[in-house]
1. Under 22 Å from the mean Cα position of the chain (by Cα) and surrounded by fewer than 17 Cβ atoms within 10 Å (Cβ to Cβ), is that true of residue B:101?
2. Of everything in segment A:3-20, what is more than 16 Å from ligand 2 (Cβ to nearest atom) and either within 24 Å of residue A:180 (Cα to Cα) or not polar (S, T, N, Q) (or both)? Give them in sequence order.
3. Name the residues in segment A:33-82 that are of a type outside the set (A, V, I, L, M), at the interface with another protein chain (Cβ under 10 Å from one of its Cβ atoms), buried (at least 20 other Cβ atoms within 10 Å of the Cβ) and within 16 Å of ligand 2 (Cβ to nearest atom), would you?
4. Within segment B:57-84, which residues are touching a Leu at 6+ places or on another chain (Cβ under 6 Å) and of a type in the set (A, V, I, L, M, F, W, C)?
5. Would you confirm whether or not segment A:179-192 contains a residue that is within 16 Å of ligand 1 (Cβ to nearest atom), assigned by TED's automatic domain parsing to the domain that holds residue A:118 and in contact with a Lys or Arg (Cβ under 9 Å, 6 or more places away or on another chain)?
6. Within segment B:128-146, is there a residue that is surrounded by fewer than 23 Cβ atoms within 10 Å (Cβ to Cβ) and at pLDDT below 90?
7. Evaluate the following for residue A:12: is it farther than 20 Å from residue B:167 by Cβ and either free of Cβ contacts under 8 Å to residues at least 12 places away in the same chain or within 16 Å of ligand 1 (Cβ to nearest atom) (or both)?
Amino acid sequence: MSEFLEFRNVSKRFGAIQAVDGVSLGIKKGEFFSLLGPSGCGKTTMLRLAAGFEYPDTGQVILDGADITDLSPNKRKVNTIFQSYALFPHLNVWENIAFGLRVAKRSKRDIETEVEAMLRLIRMGDQAGKKPDQLSGGQKQRVAIARALINKPQVLLLDEPLAALDLKLRQRMLIELDMIHDQVGITFLYVTHDQGEAMSLSDRIAVMDSGRIEQVGSPAEIYETPRTSFVAAFIGDTNFLEGEVTGLVESEYCQVKIADIPGVICFNDKSMKPGNPVYLSIRPEKIHISRDRPEESRLRNIVPAVVEDMIYLGSTTKYWVRTHGLRVQVLRQHFRFFLDEKPIRWNDDVWIWWHGDDGFMLDRYRAVDEHLVALPPRKVGEPEDNNEKP
Amino acid sequence: MRRSRFPFIVTMAVLFFFYLPIIILIVNSFNASRFESGWQGFSLMWYKRLFHEPEIWRAARNSLLIAAAATAVSLVIGTTAAIALHRFARSRLQRFHFGLVYTPLVVPEILMGISLLMLFVTAGVELGLFTIFLAHVTFCISFVAMTVLARLQDFDESIVEAAQDLGAGWWATTRRVLLPMLLPGLIAGGLLAFTLSIDDFVITFFVAGPGSTTLPIRVYSMIKYGSPPLINALSTILLVLTFTAVAASQRLSRSRH
Ligand SMILES: Nc1ncnc2c1ncn2[C@@H]1O[C@H](COP(=O)(O)OP(=O)(O)O)[C@@H](O)[C@H]1O
Ligand SMILES: [Mg+2]
């Protein structure tokens, strides 16, 4: 399928800040596409370039095959959900939703039927006469969505639409957004810094950093096979282990020396050669932990370790173990009732192991990203404070 | 604990100093006595006399004319200035512009009066209603701009973008969003400008010419040639008008969107 909304080598600079840096990106028709990245990475600027509020320094914005770079915002068939909702305070819910149709000089009857339909879609028929300041955050949000959708835009742009809502409401709106997208079948370009939102809603995600796209892919692709260390660190938790490729195994795998652990087996999808410095990234939930030594098997890495810290999280327990001078995070899912086995405790000697396919190698980290290793990002729903002990 | 009487006493003292002269003036305007030498009974004779003074009528007509024109013109210029000040608040030019617009609020009136007079004389403009009108526009702009600017700073920038986003062009945005939202600010600014123009004395005194007497100047000359009870009546009327306008203006600028 061809691209519906396309950024072609788009750049935008504000003074000394390169907000968007030569981005080329294609979004398909009907897709729920997310731009995911830390605050300040240029997500909003991308949306504003698509909406027409910013003019790119270089490059073009293409919509449905037509170059819309020079088109003013009111002529573009895209609509925006602003982070602050930006409802018209002097108009009531009904008039807010009708705004686009009134400006387009549609007939009174058309406007009435379409506004009523929208009110039904957002389930706010009984609130039509209220002014925005009488509405709750979630209701404002829904009015903003209806006001944009009534114009039947080719693309709906959403700028962190859930950021201002509290956790419970956020989860409800998440489901609602998903439903609305299924019902109207419009292309959504969704901006967020929250990987949980992006993961649960999107068909595809583009991970952004410092004005550049780091990787584009389905949520699973991005989580399971991050292409850069930034993506690996930003999406979910991971262990970064510094090492060096020492040999190849069966062409598909290679051996990596990490600290003084020799011959760690890892899938070699990046055609690394012996001598290449790499980071081995292993997600905590991909590592197994037990008191008994597991059986040897092909492509299984087994390492002895000592438990340093642990946090019981209900359905899972997080362990920090030390092995060969490295601190490794392990997440264990409790499948069986806890009391069946002798529990793992502090300072216990344990074994950790993982399959060679479950780690992936990344080029050495860029120096600017170092802080990310120390500070894994927050997952949706988790408390703000970091649960790693200093 | 006993409540302190101090706030009560201070309030009373302030009211006393502020309003006693005004109260005396109002009471005297209803005094049948020709001289302010005691109460001679309630009377509306000074108000009746007032209506038969052609000089006062002419002055009142001049004042209203100038105030209406100055309000209209300063509303347009002041609002435009406020929008420019708001939209490009960070640019150096607009910071300078802000200084320029703000200055007339603090410059002594007498200075403005003299400088305007010099300007008109140098430029060879004949002093009269027109010069008074220009002078009033000059200081009214600042008040309108500040009132409208306060209103602008109150609302979310993205609302204008939202209107454009929904397909509104320049005119539709202005008519459907900007003006309705600014309306209370515009009315407040307009009322303020009107009141300031109606009762301005100092600046008007400098730039007025023969035959262009405004109400405050008329009052001044009446005091000089003595007819205090008449002035009391006139002042009371002016006071009521001004007070109503200012109260309305304050209510509007306080009311939320
Ligand atoms: N109008 C602007 N003027 C100056 N700098 C801006 C402007 N808009 C954005 N920036 C800067 O560009 C960078 C990217 O901003 P933005 O696109 O808003 O990031 P995000 O939405 O990902 O948080 C930031 O460093 C921001 O400070
Ligand atoms: Mg943003």
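1. In short, no.
2. Correct list: A:3, A:4, A:5, A:6, A:7, A:8, A:10, A:13, A:15, A:16.
3. Those that are of a type outside the set (A, V, I, L, M), at the interface with another protein chain (Cβ under 10 Å from one of its Cβ atoms), buried (at least 20 other Cβ atoms within 10 Å of the Cβ) and within 16 Å of ligand 2 (Cβ to nearest atom): A:48, A:80, A:82.
4. If the condition is that a residue be touching a Leu at 6+ places or on another chain (Cβ under 6 Å) and of a type in the set (A, V, I, L, M, F, W, C), then B:59, B:60, B:82 are the ones that fit.
5. Yes: one or more hits.
6. Yes.
7. yes
Let's see how each residue does on (1) of a type in the set (S, T, N, Q); (2) within 14 Å of another protein chain (Cβ to nearest Cβ); (3) without any contact (Cβ under 8 Å) to a residue 24 or more places away in the chain; (4) crowded, with 21+ Cβ neighbours inside 10 Å:
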residue: A:99; (1), (2), (3), (4): no, yes, no, yes
residue: A:107; (1), (2), (3), (4): yes, no, yes, no
residue: A:121; (1), (2), (3), (4): no, no, no, no
residue: A:124; (1), (2), (3), (4): no, no, no, no
residue: A:134; (1), (2), (3), (4): yes, yes, yes, no
residue: A:172; (1), (2), (3), (4): no, no, no, no
residue: A:176; (1), (2), (3), (4): no, no, no, no
residue: A:185; (1), (2), (3), (4): no, no, no, no
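The values are calculated or read from the model by the stated rules, or taken from the named source; none is laboratory data. Keep in mind that this is a model prediction, so the values were computed, not measured. Because the Cβ atoms are built from the backbone with ideal geometry, glycine has one as well, and the counts that use them run over all protein chains shown.
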